[in-house]
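The values are calculated or read from the model by the stated rules, or taken from the named source; none is laboratory data. Since this is a predicted model, take the numbers as computed values, not measurements. No Cβ is skipped: glycine too gets one built from the backbone with ideal geometry, and neighbour counts run over all protein chains shown.
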């Protein structure tokens, strides 16, 4: 399905979707628990469908017991998840779909079982680097094999990934910037025999580790952490069942919030806790540093954007803890005056696609002045009005046909950027250069392969249109997302 984007008129209130990161951790912890857990308001998305299907294949019973709000009942196998994996001598082949987090989490957890396992997935997942997992396997002395894929500097090992535990307790060292393998080892450590000590050098995506530790404690697992780089967990602990509600998703909320910022509109999002452990909430400080008027109400759990009288300004920003926010921050930077540098973002190259390359190359199709480095993006912004009012010799923005590259965050980022450009065209205040080129471009942009947003935000189009976007689906295909039937 493709998406056409024309002139928006943002105003109103919308509810942020539930958090993908919290939902996955809740499902994993519940599947490892000693009894039935209940999860209220989980996110239902492509990645969560993959997780539900895989966990069911491992013997976990997951059923929907209420629809408004949605409540999932999660009952682990009677003898525990690892015993279920160990039942039978044949290799367990698990299709993880598009979920990189599931790859890194289960790549550690299932290594604790005394059984052969194979993890694979779609084409995107089969391009993810598995070296962080292999490093632990080598330290533990357990056998493994992986496929090989060429990249720009040589080759790297990727899924399908085969391994056979059991993973012993002990001292393990992982190097950044990936946090997911560390989360996987943290989740696996209570299942091992003995004390595990985990050192994480060059730590990136640190807020996600705090989130993981929070879920471990919800499940009654004791974990000692010294900052975000050293953890101690005793083996032989039992995950306890729990009842929890999933908070709103800051990563997904950044897209409508940024749309309001670059369109200079008023918009309020509910279901967002400013004190939540999600790292992408930190992106608000970057948008504020750019000059956006964003106000949080912790008591009401709302975040509101208000119009400003001036222009947005670029700057230098460290993105090591918020790599998922880099594409949408790049889109915001396009509408800033002055240069913006988004730094320490190398991990973005190993997501569903190379997000640094995708952001640079696709935003350039809109006329943006943007270049990529090994671990950074440079955006030469020229003002929120850009090529429309303040033609200061910078960017000449215009609608365009762009590609999502099958990446949900790239797709939503491009839709937001297209909203900003369409809003400028609608003012009728184009610069001479842009006025001369108006006939070359319609006011409508098109994002190809937009179905991928179902991975994390299935209701993105509906939610955005409800507050003033003008998104139209073209060549619609596929089906709606639900909890898969047993």
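Report yes if residue 329 is within 18 Å of the chain's Cα centre (by Cα) and in the same structural domain as residue 366 (by TED's automatic domain parsing), otherwise no.
Values: within 18 Å of the chain's Cα centre (by Cα): yes; in the same structural domain as residue 366 (by TED's automatic domain parsing): yes.
Taking the combined requirement at face value, the residue satisfies it.
Kindly establish whether residue 276 is assigned by TED's automatic domain parsing to the domain that holds residue 303 and modelled with pLDDT under 95. Write out each step before concluding.
Numbers: assigned by TED's automatic domain parsing to the domain that holds residue 303: yes; modelled with pLDDT under 95: yes.
Spelling it out, residue 276 is indeed assigned by TED's automatic domain parsing to the domain that holds residue 303 and modelled with pLDDT under 95.
Of everything in the range 207-252, what is in contact with a helix residue (DSSP H, G or I) (Cβ under 8 Å, 6 or more places away or on another chain) and in a helix (DSSP H, G or I)? Give them in sequence order.
207, 208, 209, 211, 212, 213, 215, 216, 218, 250, 251, 252, listed by residue number.
Of 269, 174, which residue is in contact with a strand residue (DSSP E or B) (Cβ under 6 Å, 6 or more places away or on another chain), in the same structural domain as residue 419 (by TED's automatic domain parsing) and on the phi < 0 side of the Ramachandran plot?
Values: 174 fails: in the same structural domain as residue 419 (by TED's automatic domain parsing).
Criteria check complete, one pass: 269.
Restricting attention to the range 141-159, which residues are within 30 Å of residue 195 (Cα to Cα) and surrounded by fewer than 18 Cβ atoms within 10 Å (Cβ to Cβ)?
141, 142, 143, 145, 157, listed by residue number.
Starting from residues that are more than 20 Å from the chain's Cα centre (by Cα) and surrounded by fewer than 24 Cβ atoms within 10 Å (Cβ to Cβ), keep the ones in the range 199-213 and report whichever is modelled with the highest pLDDT. Reasoning before the result, please.
If we filter the range 199-213 for residues that are more than 20 Å from the chain's Cα centre (by Cα), which is where we start, we get 199-202.
In the following step, the residues that additionally are surrounded by fewer than 24 Cβ atoms within 10 Å (Cβ to Cβ) were identified as 199, 201-202.
Working: 199: 96, 201: 86, 202: 77.
The extreme case among them is 199.
Wholly within the range 1-119, which strands (runs of 3 or more DSSP E) include no fewer than the required count, namely at least 1 residues that are at pLDDT 95 or above and over 30 Å from residue 421 (Cβ atoms)? Before the answer, list the steps.
Values: elements: 2-5, 13-15, 37-40, 61-67, 70-75, 92-95.
Per the criteria, 37-40, 61-67, 70-75, 92-95.
Of everything in the range 356-365, what is surrounded by fewer than 22 Cβ atoms within 10 Å (Cβ to Cβ) and more than 17 Å from residue 415 (Cβ to Cβ)? Give them in sequence order.
Within the range 356-365, 357, 360 meet the criteria.
Of all residues in the range 262-301 being over 21 Å from the mean Cα position of the chain (by Cα) and part of a helix (DSSP H, G or I), which is farthest from residue 205 (Cα to Cα)?
Of everything passing the filter in the range 262-301, 262 is farthest from residue 205 (Cα to Cα).
If a residue has to be in contact (Cβ under 8 Å) with a residue 60 or more places away in the chain and either outside any loop (DSSP other than H, G, I, E, B) or within 21 Å of residue 19 (Cβ to Cβ) (or both) to count, how many in the range 304-321 make the cut? First the steps, then the outcome.
As a first pass, look at the range 304-321 and keep what is in contact (Cβ under 8 Å) with a residue 60 or more places away in the chain: 311-312, 314, 320-321.
So of that shortlist, the ones also either outside any loop (DSSP other than H, G, I, E, B) or within 21 Å of residue 19 (Cβ to Cβ) (or both) come out as 312, 320-321.
Residues that pass the stated criteria total 3.
Test residue 243 against the criterion of being surrounded by fewer than 20 Cβ atoms within 10 Å (Cβ to Cβ), in contact with a strand residue (DSSP E or B) (Cβ under 8 Å, 6 or more places away or on another chain) and modelled with pLDDT of 95 or more, and give yes or no. Walk me through how you get there before you give the answer.
Details: surrounded by fewer than 20 Cβ atoms within 10 Å (Cβ to Cβ): yes; in contact with a strand residue (DSSP E or B) (Cβ under 8 Å, 6 or more places away or on another chain): yes; modelled with pLDDT of 95 or more: yes.
Here the answer is yes, as residue 243 does meet what is asked.
Among the numbered criteria (1) in contact with a helix residue (DSSP H, G or I) (Cβ under 9 Å, 6 or more places away or on another chain); (2) within 30 Å of residue 127 (Cα to Cα), which one does residue 53 miss?
Checking residue 53 against (1) in contact with a helix residue (DSSP H, G or I) (Cβ under 9 Å, 6 or more places away or on another chain); (2) within 30 Å of residue 127 (Cα to Cα), the one that fails is (1).
In the range 171-193, what residues are more than 17 Å from residue 113 (Cβ to Cβ) and part of a loop (DSSP other than H, G, I, E, B)?
176, 177, 178, 179
Can you work out which of the residues in the range 111-120 that are surrounded by fewer than 24 Cβ atoms within 10 Å (Cβ to Cβ) and in contact with a helix residue (DSSP H, G or I) (Cβ under 7 Å, 6 or more places away or on another chain) is farthest from residue 196 (Cα to Cα)?
Filtering the range 111-120 down to residues surrounded by fewer than 24 Cβ atoms within 10 Å (Cβ to Cβ) leaves 114-118, 120.
Then keep just the ones that are in contact with a helix residue (DSSP H, G or I) (Cβ under 7 Å, 6 or more places away or on another chain); that gives 114-115, 117, 120.
Details: 114: 18, 115: 21, 117: 22, 120: 27 Å.
Among them, the one singled out is 120.
Step by step: first the residues of the range 331-355, then only those that are within 20 Å of residue 278 (Cα to Cα) and touching a strand residue (DSSP E or B) at 6+ places or on another chain (Cβ under 6 Å), then the one that is surrounded by the fewest Cβ atoms within 10 Å (Cβ to Cβ). Which residue is that?
Within the range 331-355, the match that is surrounded by the fewest Cβ atoms within 10 Å (Cβ to Cβ) is 343.
Please verify whether the range 426-449 includes one or more residues that are modelled with pLDDT under 55, in a loop (DSSP other than H, G, I, E, B) and surrounded by 20 or more Cβ atoms within 10 Å (Cβ to Cβ). Walk me through how you get there before you give the answer.
So the first thing to find is which residues in the range 426-449 are modelled with pLDDT under 55, and the list is 428-441.
Going one step further and asking which of them are in a loop (DSSP other than H, G, I, E, B), we end up with 428-431, 441.
Add one more test, that the residue is surrounded by 20 or more Cβ atoms within 10 Å (Cβ to Cβ), and what stays is 430.
So far as the range 426-449 goes, yes, one or more of its residues are modelled with pLDDT under 55, in a loop (DSSP other than H, G, I, E, B) and surrounded by 20 or more Cβ atoms within 10 Å (Cβ to Cβ).
Here are some residues: 167, 224, 254. Which one is at pLDDT 95 or above, outside the structural domain of residue 321 (by TED's automatic domain parsing) and surrounded by 17 or more Cβ atoms within 10 Å (Cβ to Cβ)? Walk me through how you get there before you give the answer.
Numbers: 224 fails: surrounded by 17 or more Cβ atoms within 10 Å (Cβ to Cβ); 254 fails: outside the structural domain of residue 321 (by TED's automatic domain parsing).
The conditions single out 167.
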